[in-house]
Every structure is written in C-alpha cells, then in structure tokens.
Amino acid sequence: MPLKNIVKDSMEFNQQDEAQIEEHDLSMAQVLGQLEMFKRGFPPTRINTPAVIGNGISNFSADEKKKYIQYFDSHKNKADIVKFVPASGAATRMFQSLNSLLTHYDPQREKLKDFIAHHRLNNLEEFLNSFSDFAFANHLRKAVREQYPDYKFKTRGERALIVAEVLLSPEGLNFGRLPKGLIPFHKYNKHFTTAFEEQLFEGCYYAANRDEVFVHFTFAPVHVEYFKAAFESIKNRVQKKTKKEVHVSYSFQKSATDTIAVNSENQPVRDKAGKLVFRPAGHGALLENLNEIDADLVFIKNIDNVIAEEYVEEISSYKKMLGGKLLWLQHKIHHYVKELRQEEIDPELVTEVKSFMWNELNIKDVSNSILHLLSLLNRPTRVCGMVKNTGAPGGGPFWVVDAEGTQSLQIVESAQIDLKDPSQRNVFSESTHFNPVDLVCGVRDYKGDKFDLSAFTDPNTGFITQKDKDGNIIKALELPGLWNGSMAQWNTVFVEVPLITFNPVKTVNDLLQREHRPNM
C-alpha cells in the first residue's frame with residue numbers, strides 16, 4: 001500500500017487505537033495491511049489432484065517400517081529432539097452441548113427429552129446416559145453432592161442442569177475455563193490422566209534421547225499456572241513409569257501475530273469500551289514459536305490427539321518410522337548439498353540428485369541448474385503421517401498448482417478451496433486421506449544452522465472466517481496454517497499411517513471411544 005494511503009487511512013484511528021496497536025507489538029502499516037486483505041480477500045488454493053497412495057503418499061511395507069525404525073534408533077543419539085505440542089486451546093468446544101443446555105433450557109417449561117429432540121442434541125443424551133464412564137465422573141459426583149444435597153430428589157431436567165453447571169462453572173470443576181489439556185481424559189485403576197500427562201508419557205517412547213525427553217507446549221498465558229501445578233503433581237509418576245527425565249518448556253502465541261477484527265463492511269470492530277477488537281490468527285501464528293525451537297528434529301502433535309497407555313507402544317512405532325524416514329532424507333539431502341557446492345561437479349551426480357528429488361521428495365520440475373537444485377534441496381523438510389479419510393472435517397494432502405504453474409505437495413484446508421467451483425469440488429471429493437497433524441520436522445541446514453522458517457511460507461494461503469462476538473457476526477483473519485501455508489515451501493513427504501494414530505477429542509463424547517478407555 002502506498003505511504004500516502006497509509007497516512008490517509010491511519011487518520012481513521014485515534015490516539016487510543018494507536019496505543020492499543022502498539023501494545024500488540026503491531027505497526028499501523030501492518031494493521032492497515034490486514035484491513036486491505038479483508039477487502040481483497042485471499043486467492044483460493046488451486047488443487048490439481050488429491051495425493052493418493054503411489055502418487056504423493058507412500059505406504060511402507062512391514063520391512064520398510066522396520067528399516068526406518070532401526071534407522072531412527074541408531075541415529076537419534078546424534079540429534080537434539082523436541083516434541084512440540086500446540087496446547088493453548090480452551091475446553092469450551094468440548095462441552096458445547098452442555099453450554100447450550102445452560103443457556104437455553106428451562107426445566108419448568110419443557111421436558112429434557114423434548115429440549116434434546118428440538119435442538120437435535122443427541123450427543124447430550126449420550127453424555128448423560130454414559131456419565132459414569134468419564135474419567136471425571138467421581139469428582140463431579142462429589143462436587144454435586146456438596147453443592148446440591150437434594151440432587152437425587154430433582155427432576156431429570158433439573159439434574160442435567162445441575163451437572164452442567166457444576167462441571168463448567170468456576171464454583172464447580174471449572175471445566176468451562178480450563179485448557180483442554182488439563183481436562184481428565186483417561187480413567188485408570190488408581191488415578192486419571194489428562195491429555196497433558198499423556199503427551200509427556202507418550203513422548204518418552206519416541207522423543208527421548210539419552211534418557212531425557214524435551215516437550216514444548218504453546219500455552220495461553222492465563223493457563224500457565226494451571227499447567228505448572230499439573231506438571232509438579234504428575235512429573236514423578238511419568239518419570240517413574242518411563243525411566244526418563246522429563247523437561248517441559250512453554251511459550252505463548254505472540255500478540256504481534258494477532259489480527260484486527262472487522263464487520264461485514266470490513267470496518268474495524270470495537271468492544272463496549274470502544275476499544276479495537278483483535279483476535280489470535282489461528283495456529284499459523286505458532287510458526288514464530290516453532291521458529292524459536294532449538295533442535296534438529298521436531299515432532300508436532302496436537303494436545304487432544306492422545307491415547308490410553310496400552311496403545312502407546314504401537315503408535316510410537318509409527319512416530320519412530322516417520323522420524324527414521326526424516327533422518328534418512330536429511331542425511332541424503334545434506335550430502336547432496338555439500339557435493340553440489342564443490343567447485344567440480346560430476347554430471348552423474350546431477351542425474352542422481354534429480355532422481356532422488358523425483359522419487360523421494362516428489363519434486364518434478366527440476367532443471368540442471370546447480371543453483372536451482374541447491375535452492376530446492378536446502379530447505380526445511382517434513383515427513384507427515386496421513387490417515388485414511390473417514391469423513392472428519394479439516395485438511396488433506398493434495399497436489400497444488402501455484403501462480404507459476406509449478407506443482408507441489410501441500411496440506412490444504414477445505415476453507416482454502418473454492419468449493420463452489422465444480423471442478424475443485426470434484427477434486428476435493430476424490431481425496432482418500434486426511435491430515436491428522438502427525439509431523440516430524442527437520443529444521444537445520446547441511447551446516448547444522450537453523451533455517452529461518454518464516455522464509456519458507458506462502459502468505460497468500462491464509463483465509464477469512466466468521467466468528468460470533470457478543471451475538472454479532474464478525475470477520476477474522478487467519479494466518480497461513482502452521483502445517484498448511486506456513487510450511488508451503490518445505491520439502492514434503494507424505495506417509496500413510498493407521499487410524500490408531502489419530503484419536504482427537506473434539507467433543508467430550510469422543511472420550512467414550514475404545515482408544516480413550518483403558519483396559520476395555
């Protein structure tokens with residue numbers, strides 16, 4: 001945007017606005033650029049064809065899996081390994097049906113079954129009928145008895161309201177304000193575990209090196225003390241069971257990555273106090289956090305994708321397989337980069353490198369230019385697990401065509417695609433696999449120096465979403481997703497992994513699945 005336009009448009013903001021923008025570590029030019037993006041919009045990502053087995057996705061045999069696991073085990077001691085877990089999300093969405101009950105239900109006017117039928121809350125009915133199966137059931141019962149001694153004399157509708165209130169309110173278990181990572185997930189004989197504890201336990205099986213494991217979480221500042229207290233209470237149990245020393249670090253999503261919110265007319269939204277409304281810009285904002293991780297190898301996994309202990313060894317074998325593939329690729333890439341930087345280069349080496357890039361990195365458009373080869377090889381590398389698509393919403397693996405007509409493998413969210421275009425909708429519907437956020441990343445170059453990850457993004461792959469703010473619809477700007485546009489220029493390899501590795505908890509009822517119920 002020309003400077004004169006920035007000066008002109010900035011006059012729409014007052015001194016309080018300018019101070020607020022500065023508090024977010026943002027510049028006026030950045031905010032105006034965000035407003036311009038709302039007006040212009042992001043170009044949709046053009047998907048050419050879905051990545052499938054044999055065309056973008058590898059499916060390893062039992063022998064290949066064993067080979068990469070052995071490669072990982074024999075080479076990991078030379079690498080610094082960190083497990084990176086985005087964990088700033090609140091548990092609010094887990095209990096959406098219970099929040100609906102608290103907000104809209106009046107037991108004096110309507111029977112519970114009629115309310116459930118009218119609002120199509122079958123998941124609420126399932127929750128109430130399966131109450132005893134949840135890891136937090138005993139704690140909830142105790143809190144209900146203490147706060148409502150006459151609970152058993154209430155109607156079913158009144159009891160349901162009491163359960164929802166005690167579960168979610170600050171006066172009760174406070175699950176409505178806790179981070180998802182600290183909600184009790186799994187019930188064992190003598191204790192329960194949270195997703196936070198399961199992530200630490202699981203990490204000891206594949207991210208440990210020299211009997212130490214380093215796990216980095218991205219927390220919301222308001223939740224830090226909760227997590228610190230939780231770690232002190234579970235640290236000894238995890239270390240005793242795994243015989244590993246566990247180290248936890250954390251960071252916050254940077255306020256400088258927040259984006260301004262606008263209304264339907266693309267004008268800045270203000271709260272009741274007249275202040276501008278800024279919103280976190282999605283998980284793409286975590287690229288800065290990832291960029292600060294000092295490691296050779298980084299495993300990435302969402303906080304809610306955990307599993308009961310009895311399955312951990314099985315899924316850890318697949319993490320090692322992906323890690324072994326990455327270490328093997330890095331060894332080859334770093335070797336080739338060093339060779340291509342020599343003064344004299346054997347033409348047969350160029351042929352060998354191009355074959356490697358075609359067969360292993362799925363890079364098809366390659367010239368004989370040494371500079372071109374080096375620019376394509378000397379990048380961050382990621383190996384991504386892909387599960388078969390079972391209809392879950394979200395992103396998947398596709399061959400994407402950029403503005404220059406170059407094809408590359410990308411993880412693409414449905415929100416990035418123009419699904420009103422029949423041809424794009426057809427390509428999207430033919431997708432066979434889903435992205436479970438199961439990544440292993442190599443972030444150092446051939447000299448051992450860290451890449452600046454911000455140099456390998458595609459800023460045009462963000463998207464605009466609609467959110468509810470105090471009953472009003474506002475528009476929010478999402479930065480290129482961490483494993484989408486933020487990694488668009490990485491070397492990318494997709495590998496099929498089984499569904500057992502994908503067990504997210506989006507709603508509380510997901511905890512009723514076999515993988516979240518120990519010893520079933």
Could you sort the peptides 205-212, 446-453, 301-308 by per-residue average Cβ neighbour count (10 Å cutoff), highest mean leading? 301-308, 205-212, 446-453
Just from the alpha-carbon atoms, what are the Rg and Dmax of the range 1-154 in angstroms? 27.7, 71
In nm, give the distance between the simple-model label positions of Glu18 and Ala220, each being 7 Å from the Cα along the Cα-to-Cβ direction. 3.2 nm
Space enclosed by the convex hull of the alpha-carbon atoms of the range 7-83, per residue, Å³: 187 Å³
Kirkwood hydrodynamic radius for the range 170-230: how many Å is it when counted over pairs of different Cα atoms? 13.1 Å
Using the crude model of +1 on Lys and Arg Cβ and -1 on Asp and Glu Cβ, and no other charge, please compute the dipole size for the chain relative to its Cα centre, in debye to 20. 1520 debye
Taking Cα pairs closer than 8 Å and at least 6 residues apart, the relative contact order of the chain in percent is 24 percent
Can you give me the three principal axis dimensions of the chain from its C-alpha atoms, in Å, biggest first? 87, 62, 44
Apply the Karplus parameterisation 6.51 cos²θ - 1.76 cosθ + 1.60, with θ equal to phi minus 60°, to every residue of the range 43-59 and state each ³J(HN,Hα) to the nearest whole Hz, in sequence, with x for glycine and proline. x, x, 6, 8, 8, 8, 7, x, 6, 10, 4, x, 9, x, 10, 8, 10
Alpha carbon convex hull of the range 360-519, projected area averaged over orientations, nm²: 13.4 nm²
Taking 0.36 nm per intervening residue step and subtracting the Cα-Cα distance, what contour gain separates Lys354 from Arg156 on full extension? 64.4 nm
Whole-Å distance, taken between Cα centres, linking the range 223-277 and the range 367-427: 29 Å
Taking only Cα atoms of the range 40-112, what ratio of Rg to Rh do you get with Rh as the Kirkwood inverse-distance radius? 1.27
Taking just the C-alpha trace of the range 236-307, give me its Rg and Dmax in Å. 18.8, 58
Which length gain, in nm to one decimal place, applies between Asp510 and Lys450 when the Cα-Cα distance is subtracted from 0.36 nm times their residue separation? 17.8 nm
Amide proton proximity set for Phe185, modelled H, under 5 Å, gap of 5+: Thr193, Thr194, Ala195
Rounded to the nearest 20 debye, what is the charge dipole size of the range 339-458 about its Cα centre when +1 sits on each Lys and Arg Cβ and -1 on each Asp and Glu Cβ? 500 debye
So the compactness index of the range 239-371, its C-alpha Rg divided by 2.2 N^0.38 Å, takes the value 1.64
With a cut-off of 8 Å between alpha carbons and a minimum separation of six or more residues, what is the relative contact order of the range 93-177 in percent? 29 percent
What does the charge add up to near Gln466, with Lys and Arg as +1, Asp and Glu as -1, over the other residues with Cβ less than 13 Å from its Cβ? +2
Starting from the exponent 0.38 and prefactor 2.2 Å, build the expected Rg for the range 93-177 from its residue count and divide its actual Cα Rg by it. 1.02
Sequence gap at least 6, Cα distance under 8 Å: using those rules, report the relative contact order of the range 226-374 to the nearest whole percent. 12 percent
Which of the peptides 335-341, 192-198 is most tightly packed, and how do the rest follow, judged by the mean count of other Cβ atoms within 10 Å per residue? 192-198, 335-341
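Bear in mind that the values in this text are calculations on the coordinates, not laboratory data. Here the structure is a predicted model, which means the values were calculated and not measured. Neighbour counts are summed over all protein chains in view; Cβ atoms, including those assigned to glycine, are modelled from backbone coordinates with ideal geometry.
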